[in-house]
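Student: To start, I am sharing the structure in question, which I have written as structure tokens.
Where a number appears in this text, it was derived from the coordinates with a stated rule and is not lab data. Keep in mind the model is a prediction, meaning the values are calculated, not measured. Note that each Cβ is placed from the backbone with ideal geometry, even for glycine, and that neighbours are counted across all protein chains shown.
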Amino acid sequence: MGGLRDTLNRPLRDLRISVTDRCNMRCRYCMPREVFGSDFAFLSKVDILTYEEIDRLAGLFISLGVEKIRLSGGEPLLRKGLHELISMLALRDVEIAMTTNGVLLPRYAPALSAAGLDRVTVSLDALDEATFAAITDSGHTVAAVLAGIEAAESVGLGPIKINTVVKKGANEDELLDLVGRFSNRDIAVRFIEYMDVGTTNGWAMNDVVTAAEIRNLLGDLEVIEPSRRGDVAKRYQLPQGGEVGLITSVTEPFCGDCTRARISADGHLYTCLFASQGLDLLTPMREGATDQELLDLIDSCWSSRDDRYSEIRTEVSSVHSRVEMSFIGG
Ligand code: SAM
Ligand code: SF4
Ligand code: SF4
């Protein structure tokens, strides 16, 4: 087990890998259509990590202490043959999860599960079709996402979690319905405070439904003690049974326990969701760097990490340029 620590004594335990910057939805809070339109310059194929390169990096990160890998995007299921990557990663001693908008799960869940994917988190912000359509700004439907959840469940990609971004005026009235729909099925819904990731979503503090407000909406909740350092969600037992999670990055930040590194689809290492720059690993890899040389780069990047953006947001927010969520995978 690697003993790597950053300047705030945080180990490196989780790795999120974005396998594509493309998506089949245009959620208003993530990829607004005015910016990510038909003329947007997405990465070209030669500029994104191949599966062999991702697998090589995964091996190096695991040797430095990573226990859990989450594949994300953009929409990870848009990347062709994703099950091939999963089958490579599955040979390693690591838990493999994926975050997806779910609509392509009916097509791909069986192959992903057979290849060794452990579990999925599915994003779903509303059960009402009109509300969902307004948020996701795409032709996809709630019915398609629910079919995706069923498909994942039927091939054992659980325990499944649901990610719901809560935005003022958009979906607060959906929260109880979502909890009611899933809590009796061993599927935990996690409500995420709307975050100021990237610079294109026009974020304003007024649009955030705070964790305190969400707790009020949900009624009597009993705290469940965290099972692992670095878990992003605060967990609560619901009065009617089942559990719910809150991801409180805006009003109750958890940087002190942040053990996550992120790799963008073009092979840059980011040590914070709100970073403005990443460390290029793709170029040295393609120029023939040895494993030891890559390990030294990663090691020195993590060792000098001092990120705690959410804790100091109010001081730096207006002057800070930030990478887009769809680029580094949430
Ligand atoms: N496309 C996949 C999906 O939506 O699940 C994976 C990538 S998406 C960037 C990962 C997660 O980030 C999703 O659960 C999404 O809801 C969340 N997300 C995106 N923009 C956000 C924002 N501004 N604030 C909070 N969460 C956000
Ligand atoms: Fe696509 Fe996921 Fe971003 Fe929505 S949140 S636009 S589904 S990457
Ligand atoms: Fe981790 Fe950065 Fe989020 Fe803090 S702001 S929890 S350091 S990703």
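Student: Would you grab the residues whose amide H sits under 5 Å from the one on Ile192? Only those 5+ places off in sequence or on another chain, please, with H modelled 1.01 Å from N.
Tutor: Excluding prolines and chain starts, which carry no amide H, the hits are Thr164, Val165, Val166, Ile247.
Student: Name the lysines eligible as straight-distance cross-link partners of Lys80: C-alpha to C-alpha under 22 Å, and not fewer than 8 places from it in the same chain.
Tutor: Correct list for Lys80: Lys45.
Student: If I fit a long axis through the Cα atoms of helix 142-154 and take the longest principal axis of the Cα atoms of the chain, what angle between them do I get, 0 to 90°, rounded to 10?
Tutor: 60 degrees
Student: Work out how far the C-alpha atoms of segment 1-141 reach from end to end along every principal axis, then list the three figures in whole Å, largest first.
Tutor: Dimensions of segment 1-141 along the principal axes of its Cα atoms: 48, 38, 33 Å.
Student: Tabulate in residue order the Karplus-calculated ³J(HN,Hα) for segment 110-117, using 6.51 cos²θ - 1.76 cosθ + 1.60 with θ = phi - 60°, rounded to whole Hz; enter x for Gly and Pro.
Tutor: Per residue, the Karplus-derived 3J(HN,Hα) values read x, 5, 5, 5, 4, 6, x, 5 Hz.
Student: How large is ³J(HN,Hα), in whole Hz, for each residue of segment 126-138 in order, when computed from phi with the Karplus curve 6.51 cos²θ - 1.76 cosθ + 1.60 and θ = phi - 60°, using x for Gly and Pro?
Tutor: My calculation for segment 126-138 gives 7, 9, 6, 4, 5, 5, 4, 5, 5, 6, 8, 6, 8 Hz in order.
Student: Can you tell me the relative contact order of segment 142-217? Whole percent, Cα pairs under 8 Å, sequence separation 6 or more.
Tutor: Dividing the mean separation by the residue count of segment 142-217 yields 32 percent.
Student: While we're here: What ranking of Ser321, Ser113 emerges when the number of other C-beta atoms within 10 Å of each C-beta is taken as an exposure proxy, fewest first?
Tutor: If I rank by nearby Cβ atoms, fewest first, I get Ser321, Ser113.
Student: Right, here's the next one. Run the lone-cysteine check on the chain: no other Cys C-beta under 4.7 Å from the residue's C-beta.
Tutor: Cys23, Cys255, Cys258, Cys272, Cys301
Student: What GluC sites (Glu not before Pro) does segment 260-330 have in DSSP loop regions with at most 13 other beta carbons within 10 Å? Can you show the working numbers first?
Tutor: Values: sites: Glu287, Glu293, Glu311, Glu315, Glu324; in loops: Glu287, Glu324.
Those that pass, being in a loop and sparsely packed, are Glu287.
Student: Rounded to the nearest 500, what is the 222 nm mean residue ellipticity of the chain from helices alone, with -39500 (n - 2.57) per DSSP H run of 4+ residues and division by all residues?
Tutor: After summing the helix terms and dividing by residue count, I get -8500 deg cm²/dmol.
Student: Give me the percent of Cα-Cα pairs in the chain that sit more than 28 Å apart, rounded to a whole number.
Tutor: 39 percent
Student: Follow-up question, since we're still on this one. Please compute the length gained on full extension between Arg5 and Glu95, using 0.36 nm multiplied by the number of residues separating them and subtracting their Cα-Cα distance.
Tutor: Going from the current span to full extension adds 30.3 nm.
Student: Could you rank the peptides 137-144, 209-216, 67-74 by their average count of other C-beta atoms within 10 Å per residue, with the highest value first?
Tutor: Order by mean packing, descending: 67-74, 209-216, 137-144.
Student: Loop only by DSSP, 13 or fewer other Cβ within 10 Å of the Cβ. Give me the trypsin sites (Lys or Arg not before Pro) in segment 219-272 that pass, ordered by residue number.
Tutor: Filter output for segment 219-272: Arg228, Arg229.
Student: Highest first, please rank the peptides 55-63, 264-272 by the mean number of other Cβ atoms sitting within 10 Å of their residues. Show your work: numbers first, answer last.
Tutor: Working: 55-63: 19.0, 264-272: 22.3.
For the peptides 55-63, 264-272, the packing ranking is 264-272, 55-63.
Student: Relative contact order for segment 123-257: what is it in percent, counting Cα pairs under 8 Å that are at least 6 residues apart?
Tutor: So the answer I get is 22 percent.
Student: Normalising by the residue count of the chain, find the relative contact order in percent from Cα pairs under 8 Å and 6+ residues apart.
Tutor: Relative contact order here is 22 percent.
Student: Quick one: Karplus J couplings for segment 177-187, per residue in order, coefficients 6.51, -1.76, 1.60, θ = phi - 60°, nearest Hz, x for Gly and Pro?
Tutor: Each residue's phi maps through the Karplus curve to give 5, 5, 4, x, 5, 10, 5, 8, 10, 6, 10 Hz.
Student: A follow-up question, please. Measure out, as a whole number of angstrom, how far apart the alpha-carbon centroids of segment 145-194 and segment 42-120 sit.
Tutor: If we compute the Cα centre of each part, the gap is 22 Å.
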